[in-house]
1. Which residue is modelled with the lowest pLDDT, if the candidates are limited to region 272-295 and must be open to solvent by 70 Å² or more (accessible area, probe 1.4 Å) and under 28 Å from the mean Cα position of the chain (by Cα)?
2. Can you work out which of the residues in region 150-174 that are closer than 19 Å to Ala364 by Cα and assigned to a helix (DSSP H, G or I) is most open to solvent (accessible area, probe 1.4 Å)?
3. What tally of residues in region 223-271 results from selecting those that are under 30 Å from Gly42 (Cβ atoms), among the aromatic types (Phe, Trp, Tyr) and more than 20 Å from the chain's Cα centre (by Cα)?
4. With respect to Thr395, is the statement that it is of a type in the set (Ser, Thr, Tyr), in the same structural domain as Val434 (by the TED database) and either touching a Gly at 6+ places or on another chain (Cβ under 7 Å) or surrounded by fewer than 18 Cβ atoms within 10 Å (Cβ to Cβ) (or both) true?
5. Exactly one condition in (1) in contact (Cβ under 8 Å) with a residue 24 or more places away in the chain; (2) surrounded by fewer than 22 Cβ atoms within 10 Å (Cβ to Cβ) is not met by Ala177; state its number.
6. Can you give me the number of residues within region 194-209 that are open to solvent by 30 Å² or more (accessible area, probe 1.4 Å) and farther than 24 Å from Leu109 by Cα?
Amino acid sequence: MSDKTGSNAMWGGRFGSGPDAIMEAINASIGFDKRLAKQDIGGSRAHAAMLAAQGIISEKDAEAIREGLLTVLSEIEGGTFTFSTALEDIHMNVEARLKEVIGEPAGRLHTGRSRNDQVAVDFRLWVRDQCDAAEAGLVALQKALLGQAEQGVEWVMPGFTHLQTAQPVTWGHHMMAYVEMFGRDRARFSDARKRMNESPLGAAALAGTPFPIDRQMTAEALGFDGPMANSLDAVSARDFALEFLAAASICAMHLSRLAEELVIWSSAQFRFVSMSDKWSTGSSIMPQKRNPDAAELLRAKIGRIFGANVALMTVMKGLPLAYSKDMQEDKEQVFDAADNLMLGLAAMAGMVADMSARPENLRAAAATGFSTATDLADWLVRELGLPFREAHHVTGALVAEAEKRGCDLPDLPLEVMKSSHAGITEGVYDVLGVDNSVRSRTSYGGTAPDRVRDQIARWKEALT
């Protein structure tokens, strides 16, 4: 067998030319980092302007570079740019095309910088944009939830613990719980954005540069608060991406919890909500079914976001300062997580806005499972002065009696109530209805409709 045949057999058909083809494939990142084209060109334009302002290159060359870069960007955005795997990454692809467009001045663009700080600033700019996009997506979702809450501020439904009926709450109160969760998610993205808003540009390879650059100028031009203070840290830090992924993972977890509830609530066993045809599909064989496919797919896609977080942590955990080629593997995970997060936010906002709650089913479910047992115990404490543990015991006995009779607590006759505690009066029935129960929960953050209206008003003002 010849060496060439042996090589082909070893490397396989895809890499028929042997190790060189494999090295090109493993080394190239243009297949994914071309998404950084806008940020790369923006960073290069700022760098060229600074070089001219500092007298490092001529204004004529800087202007040619800046205009040439706009030409390259228009080609990329117009779909006429030809990306080359041989040129490895977005930076070299842009620079090579720039040279074709403007000639010799293109070679001066890379003065005073390295691909290390170049990619760091590109990636940081991209992730910063994703924080903004996530916040916008969360606002849209919160507004959809507010619309549902306002509509159903007095609709009574069961509140659950362990997925068992616990106490009555309102639909509005339940919707507002997610408004609060997604509000914290917005705060996490906002906080991460503030922390990442420092510029690595000018750190060069790892030690800075002897050229008299103005890092404050490029930082301001790119919307950063200022330059990063340590050149080693500037090129080697990826905690900004990890912080985005951490915030995305928590947000994704909240999306998945809500998706799970939509799946449960739309089932024939619950029938709490009807999902719009836009977000559900029928069965190929069972004509009666409407499947909440969008919610189920969203619930599954969350795993990709969690996986991206773990993957990048694993990439970074063993790297010495400063740059290692391992860090080329930082982007695909973040790109995929961001794509799925934005898709999930948009899908959930659509599902929430379009779903229809079924108040009659919510109310019927709220009245089962002895949901007002705690109200009875509270009444015994408040009206009769019983210690809560004794009230708990009395209430438990009455629940057992109601179970035995096949009825709910409000249906027990007064004499049966008195058999458990002689002090019980007709007044106990005032707290046993589900409407009375929710209206009584007037503490701050409680489910009483007036308290829910307060929270809706607060959030509507905050989101304007």
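The values are calculated or read from the model by the stated rules, or taken from the named source; none is laboratory data. Treat the numbers as computed from the prediction; the structure is a model and nothing was measured. Here Cβ is always computed from backbone atoms with ideal geometry, including for glycine, and neighbour counts include all displayed protein chains. What goes into the accessible areas is simple: the full protein's heavy atoms, side chains included, and nothing from ligands, DNA or RNA. Shrake-Rupley method; radii C 1.70, N 1.55, O 1.52, S 1.80 Å.
1. Kept after step one, since they are open to solvent by 70 Å² or more (accessible area, probe 1.4 Å), are these residues of region 272-295: 277-278, 284-290.
Those still in the list that are under 28 Å from the mean Cα position of the chain (by Cα) too: 277-278, 290.
On the way: Asp277: 84, Lys278: 86, Arg290: 70.
Going through the qualifying residues, I end up with Arg290.
2. The first filter runs over region 150-174 and keeps only residues closer than 19 Å to Ala364 by Cα, leaving 151-161, 163-174.
Among the residues that remain, those that are also assigned to a helix (DSSP H, G or I) are: 151, 171-174.
Numbers: Gln151: 117, Trp171: 0, Gly172: 0, His173: 53, His174: 36 Å².
Of everything passing the filter in region 150-174, Gln151 is most open to solvent (accessible area, probe 1.4 Å).
3. Our first condition is that a residue be under 30 Å from Gly42 (Cβ atoms); within region 223-271, this holds for 223-252.
Right, trim to among the aromatic types (Phe, Trp, Tyr) and you get 224, 240, 244.
Imposing the further condition that a residue be more than 20 Å from the chain's Cα centre (by Cα) reduces the set to 224.
Total meeting the criteria: 1.
4. Details: of a type in the set (Ser, Thr, Tyr): yes; in the same structural domain as Val434 (by the TED database): yes; either touching a Gly at 6+ places or on another chain (Cβ under 7 Å) or surrounded by fewer than 18 Cβ atoms within 10 Å (Cβ to Cβ) (or both): no.
Considered against the rule, which asks whether it is of a type in the set (Ser, Thr, Tyr), in the same structural domain as Val434 (by the TED database) and either touching a Gly at 6+ places or on another chain (Cβ under 7 Å) or surrounded by fewer than 18 Cβ atoms within 10 Å (Cβ to Cβ) (or both), Thr395 comes out as no.
5. (1)
6. 2
Matching residues to (1) open to solvent by less than 40 Å² (accessible area, probe 1.4 Å); (2) assigned to a helix (DSSP H, G or I); (3) not small (Gly, Ala, Ser):
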site	(1), (2), (3)
Arg45	no, yes, yes
Ala48	yes, yes, no
Glu63	no, yes, yes
Ser74	no, yes, no
Glu77	no, yes, yes
Thr80	no, no, yes
Ala86	no, yes, no
Glu95	no, yes, yes
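Results for (1) surrounded by fewer than 17 Cβ atoms within 10 Å (Cβ to Cβ); (2) modelled with pLDDT under 90; (3) aliphatic (A, V, I, L, M), shown as yes or no for each residue.
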site: Glu403; (1), (2), (3): yes, yes, no
site: Leu409; (1), (2), (3): no, yes, yes
site: Leu414; (1), (2), (3): yes, no, yes
site: Val434; (1), (2), (3): no, yes, yes
site: Ser437; (1), (2), (3): no, yes, no
site: Ser443; (1), (2), (3): yes, no, no
site: Asp450; (1), (2), (3): yes, no, no
site: Ile456; (1), (2), (3): no, no, yes
